[in-house]
Amino acid sequence: MPKNNNSNFIICVDSREQRPYLFPDHLVQQTALPAGDYSIKGFETQIAIERKQAEEIYGNFGHGRERFMKECEKLAGYERCAIVIENDLERLVNPPDYTYKKYKMKLKRSHVIGTLAKLIGEFGIPVIFASGRREANEITYAILKQYYKCKRLGREIAEPYVFQEGTGDG
């Protein structure tokens with residue numbers, strides 16, 4: 001297990017995560033998280049990061065959409081959550097064919113964009129695009145570290161801003 005070097009929180013990694021990120025010089029604990037793939041020990045129902053590989057997200061947006069949306073409903077109830085996608089937006093919205101069971105599948109660009117809009121607009125879940133696994137790993141760690149820092153210092157975690165009609169916004 002890595003040493004705990006200048007960090008006083010433990011990163012929780014969901015036990016179902018097949019290729020977990022590495023957090024050198026940081027304590028990591030595998031556990032069954034209620035939602036998401038990464039969290040902080042003691043805050044497992046307050047912060048969660050869901051990691052998605054490019055290939056995986058097409059299945060989540062296609063044949064596995066119903067299950068994925070249920071997972072997103074759980075995430076939306078957290079104080080902080082995010083979906084980190086190991087792909088850039090341009091490649092994601094131009095999906096290649098993918099195989100589900102023995103069938104070739106193709107998602108339309110409009111379907112991918114509509115699903116992203118639902119995640120952000122309806123569930124209020126930030127979607128972060130990383131150019132690859134390494135960058136996604138760094139972003140995940142930075143979010144967890146910042147959240148823990150705010151909690152440790154007793155700072156209020158700001159509520160996400162929601163536009164309300166008739167308030168003079170916009």
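Filter region 105-118 down to the residues that are in a helix (DSSP H, G or I) and either farther than 20 Å from Lys74 by Cα or touching a helix residue (DSSP H, G or I) at 6+ places or on another chain (Cβ under 6 Å) (or both) and list them by number. If you could, list the steps in order and put the result at the bottom.
Residues of region 105-118 in a helix (DSSP H, G or I): 109-118.
Result: Arg109, Ser110, His111, Val112, Ile113, Thr115.
Has region 57-78 got any residue that is in contact with a Pro (Cβ under 7 Å, 6 or more places away or on another chain), free of Cβ contacts under 8 Å to residues at least 40 places away in the same chain and not basic (Lys, Arg)?
Looking for residues that are in contact with a Pro (Cβ under 7 Å, 6 or more places away or on another chain), free of Cβ contacts under 8 Å to residues at least 40 places away in the same chain and not basic (Lys, Arg), one finds none in region 57-78, hence no.
Which numbered condition trips up Ala82, out of (1) assigned to a helix (DSSP H, G or I); (2) in contact (Cβ under 8 Å) with a residue 60 or more places away in the chain?
For Ala82, the exception is condition (1).
Quick check, is Ala48 aliphatic (A, V, I, L, M) and either assigned to a loop (DSSP other than H, G, I, E, B) or more than 11 Å from the chain's Cα centre (by Cα) (or both)?
Details: aliphatic (A, V, I, L, M): yes; either assigned to a loop (DSSP other than H, G, I, E, B) or more than 11 Å from the chain's Cα centre (by Cα) (or both): no.
Judged against the criteria, Ala48 is not a match.
So which residues in region 38-79 are touching a Cys at 6+ places or on another chain (Cβ under 8 Å) and not β-branched (Val, Ile, Thr), if there are any at all? Break it down into steps so the answer makes sense when it comes.
We begin by selecting, within region 38-79, every residue touching a Cys at 6+ places or on another chain (Cβ under 8 Å); these are 38-41, 44, 47-50, 75.
Residues satisfying the conditions are Tyr38, Ser39, Lys41, Glu44, Ala48, Glu50, Leu75.
Values quoted throughout were computed directly from the atomic coordinates according to the rules given, and no laboratory measurement underlies them. What you see is a predicted model; the values in this text were computed from it and never measured. No Cβ is skipped: glycine too gets one built from the backbone with ideal geometry, and neighbour counts run over all protein chains shown.
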